[in-house]
1. Output the residues belonging to segment 43-64 that are open to solvent by less than 60 Å² (accessible area, probe 1.4 Å) and within 6 Å of the ligand (Cβ to nearest atom).
2. As an exercise: evaluate Ala186 against (1) more than 13 Å from the ligand (Cβ to nearest atom); (2) without any contact (Cβ under 8 Å) to a residue 12 or more places away in the chain and give the number of the one condition it does not meet.
3. Under the condition of being open to solvent by less than 30 Å² (accessible area, probe 1.4 Å), out of contact with any Lys or Arg (no Cβ under 9 Å at 6 or more places or on another chain) and more than 21 Å from Trp58 (Cα to Cα), which residue from segment 1-42 is modelled with the lowest pLDDT?
4. Can you tell which of Asp99, Asp121, Asp141 is among the charged types (D, E, K, R), in contact with a strand residue (DSSP E or B) (Cβ under 8 Å, 6 or more places away or on another chain) and under 18 Å from Arg169 (Cβ atoms)?
5. Which pairs do you get when a residue that is more than 15 Å from Gly178 (Cα to Cα), found in segment 94-119, comes within reach of a residue that is of a type in the set (Asp, Glu), reach meaning Cβ atoms under 7 angstrom, with the pair 6+ apart or on two chains?
6. For segment 14-35, state whether one or more residues are within 30 Å of Val134 (Cα to Cα) and assigned to a helix (DSSP H, G or I).
Amino acid sequence: MINSDELTKAVVEGDSDASVKLTKKAMDMGISAAEILGRRLLPGMEIIGEQFEKEEIWFPELLMAADAMKAAVALLRPELSKSKAPPAGKYVIGTVEGDAHDIGKNLVKMMLEQNGWEMTDLGSNVPTEKFCSVIEEGNFDILGLSALLTVTMYAMDDVIKTLKVAGLRDKVKIMVGGAPVTQSFADQIGADAYAKNAVGAARKAKSLVNR
Ligand code: B1M
């Protein structure tokens with residue numbers, strides 16, 4: 001048996017060896033990937049975010065916690081990404097310019113893969129011009145933009161404006177998300193959809209292409 005708090009603690013303490021070991025153990029015990037993620041790993045990210053905000057920890061600890069989280073998520077990825085749905089369409093996703101946060105974006109990507117979307121991942125800190133050239137050259141149904149910083153969410157506005165200027169805005173539906181993003185911000189910048197989390201992203205993606 002593992003104590004459910006142990007894995008959360010491993011993430012908070014930035015202990016990648018322990019987070020990997022305990023995730024493997026939980027999987028061997030038959031605990032679902034969704035439960036390991038939602039009940040044990042993500043709470044660790046919440047705690048670490050609060051500690052950082054209160055200046056109880058500093059950047060290196062934040063980074064170590066993120067690494068411990070990512071190492072554990074890598075083990076869950078095969079199960080989380082198993083496609084159970086028929087092909088849904090083509091979706092390109094990235095975190096906007098100036099923003100290095102990619103854990104949430106990666107979860108959204110996995111959830112969409114599981115729902116049958118063919119995913120192209122541009123990574124994080126993606127320049128506005130890159131989003132535009134990908135839309136110009138590719139044939140995607142949806143462009144997903146993620147941002148975790150209040151300062152970088154405005155890059156989403158830049159992407160939409162730049163696509164408009166290039167005459168590409170109507171070529172693709174645009175979904176936005178990330179902790180500081182809200183429905184009213186999405187409306188303000190003219191996005192087609194906002195999703196609060198990965199499950200919502202899959203639901204909204206389906207409704208956007210109406211298949
Ligand atoms: Co940073 N960071 N960070 N950080 N970090 C936050 C976001 C912060 C809230 C912490 C805090 O102060 N409490 C704060 C932002 C404050 C603000 O802007 N209001 C912050 C800061 C300030 C910073 C730095 C500036 C710190 C510094 O340098 N002094 C710096 C910025 C670097 C940069 O981007 N240029 C920085 C760096 C980092 C690390 C590199 C150490 C690391 C990121 C590692 C990585 O991602 N590879 C990190 C981390 C881990 C966090 C916290 C602790 C956790 C973020 C996370 O992964 N959450 C975070 C505090 C927090 O959120 N509690 C914090 C888990 C993830 C699953 O949730 O990303 O919200 P989230 O994704 C969700 C939804 O938002 C949604 O679905 C996801 C899954 O359900 N979603 C979408 C996300 N994208 C979507 C797209 C969609 C739809 C839904 O459609 C396309």
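The values are calculated or read from the model by the stated rules, or taken from the named source; none is laboratory data. The structure presented is a predicted model; accordingly, all values stated were derived computationally and were not measured. Every residue, glycine as well, gets a Cβ built from its backbone with ideal geometry; the counts of neighbours run over all protein chains shown. Areas reflect the complete protein model, heavy atoms only, side chains present, ligands, DNA and RNA absent. Shrake-Rupley method; radii C 1.70, N 1.55, O 1.52, S 1.80 Å.
1. Initially, segment 43-64 is screened for residues open to solvent by less than 60 Å² (accessible area, probe 1.4 Å), giving 43-45, 48-49, 51, 57, 62.
If the condition is that a residue be open to solvent by less than 60 Å² (accessible area, probe 1.4 Å) and within 6 Å of the ligand (Cβ to nearest atom), then Met45, Ile48, Gly49, Leu62 are the ones that fit.
2. Single failed check for Ala186: (1).
3. The qualifying residue modelled with the lowest pLDDT is Leu37.
4. Values: Asp99 fails: under 18 Å from Arg169 (Cβ atoms); Asp121 fails: under 18 Å from Arg169 (Cβ atoms).
Criteria check complete, one pass: Asp141.
5. Met119/Glu113
6. Kept after step one, since they are within 30 Å of Val134 (Cα to Cα), are these residues of segment 14-35: none.
No, every residue in segment 14-35 fails to be within 30 Å of Val134 (Cα to Cα) and assigned to a helix (DSSP H, G or I).
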